[in-house]
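A short reminder: the numbers here are calculations on the coordinates, not readings from a lab. Because the structure is a prediction, the values reported are computed rather than measured. Cβ atoms come from the backbone with ideal geometry, glycine included; neighbour counts cover every protein chain shown.
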């Protein structure tokens, strides 16, 4: 049975811009407006504007050190300074990733969790079950999120911001106002460019969207966003991450805060560190215009050793790029790699992240 | 005069040689084209069967021979500049086929019939 797709508060704006839509995480979202390549280019050299309102926002209020919230995810919120946010994981007891998320420390008793659209219900249930006191509120439906990303994003946003954006370091944020309404401006993003993520109410979002376009930002869809994030090697939930994958297997164990706090899934991760991982993500290029695609099989010495999780043609690199899991035991660092597809094989070459610096 | 298939190729006949491309409709649907795999000159084409391959940023698609025959030319410019198809699909051809069975021409759609077909999609 097909579930009816949800729409963000900016849906009519996208229709007015002739967006081509796609179902993503239960939402009908713009995959592109005019051209993925042009929107990608706007982000790398100008400023691109993304509607990310489908993502979820939960607000916690309570005793961060003693309520259980500090062991809910891999991030230590007691150590996290007020005004900073951090990327981390919500894990199951086996160390598998229920979701990857960013948590904002608004003040000593308030947190904001930003989670993937498709995981909102599961994440809320899981986090709620891990908290013994305080309140957790799901405000996903009343919170819009607009990302402005690219080297010109600062000068554009500065014309609307009520403070000096230069105050914000990477992963710094400020609770402020936009159009005299409460807003959060965060110096974060999913593109690898200078940029900001803006959290506003549903009434302010369309006004903000129009104004940022008027000031020179170019509307960009999820197609460009996916190319931009993959060029930087960022993981996408449902591709590189899922409940059967640990952060170490996804190659992003560095975001887990082991030393200063306990968290659900920690014992399993530590055990895996001792025993070693059985699968691992490798980045590769095709060194040609051929694009790897999600699901292509990875072969070495005539033997299947893995599968592609993300792939695209990368305009900033001028080549096809991809990420894929390989079986650690079968993988030989010195042997040639190839993808096998329905229409022949594509040679691939192991590389290092990021694809685009 | 261009004739079309319902797989969105166009063919323009000059004597027994058909110049073949992709319709503007198809190119618009595919989005930014990043790769074109051309057939080999001398290769034989069979109407309705895959003869070339095209990729856009997010999708991959076969190109089907609109008519049977022999490939006599390919547009090598597309190997380095596949975006030419986005710029002008109606005038940037992909291959030329020396047609072996003229009766197949009657199976193609004219401009008006193709426009009706795409409007129904």
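Brief remarks follow.
- Modelled spin labels at residue B:28 and residue B:117, positioned 7 Å past Cα toward Cβ, are 1.7 nm from each other.
- Taking every DSSP helix (H) stretch of at least 4 residues in the protein assembly as shown, weighting each as -39,500 (n - 2.57) and dividing the sum by the residue count yields a mean residue ellipticity at 222 nm of -5000 deg cm²/dmol.
- Note on A:21-34: average number of Cβ atoms from other chains within 10 Å of each residue's Cβ is 1.
- The overall shape of chain B is oblate: from the C-alpha gyration tensor, with semi-axes ordered a ≥ b ≥ c, the ratio a/c is 1.5 or greater and a/b is no larger than b/c.
- Contour excess over end-to-end distance, with Cα ends at residue A:164 and residue A:211 and 0.36 nm allotted per residue: 15.0 nm
- Per-peptide average of other Cβ atoms within 10 Å, ordering A:162-170, A:76-84, B:26-34, A:50-58 highest first: A:50-58, B:26-34, A:76-84, A:162-170
- C-alpha center-to-center spacing [segment A:212-253, segment B:1-62] in angstrom: 32 Å
- Global dimensions of segment A:278-350 from alpha-carbon coordinates: Rg and Dmax equal 11.1, 33 Å.
- Relative packing of peptides A:216-226, A:196-206 - highest average C-beta neighbours within 10 Å first: A:216-226, A:196-206
- When each of the peptides A:310-319, A:180-189 is scored by how many other beta carbons lie within 10 Å of its residues on average, the order from highest to lowest is A:310-319, A:180-189.
- Overall form of segment A:197-288 per C-alpha gyration tensor (a/c, 1.5; a/b vs b/c): oblate
- Counts of other chain beta carbons within 10 angstrom of each beta carbon in peptide A:285-294 average 3.
- The length gained on full extension between residue A:108 and residue A:177, counted as 0.36 nm times the residue separation minus their Cα-Cα distance, comes to 22.8 nm.
- In terms of its alpha-carbon gyration tensor, chain A comes out oblate; a/c meets the 1.5 threshold, while b/c is at least as large as a/b.
- Once the Cα-Cα distance is subtracted from the 0.36 nm per residue extended length, the residue A:345 to residue A:137 segment shows a gain of 69.9 nm.
- Shielding of A:314-322 by partner chains, average beta-carbon count, 10 Å: 1
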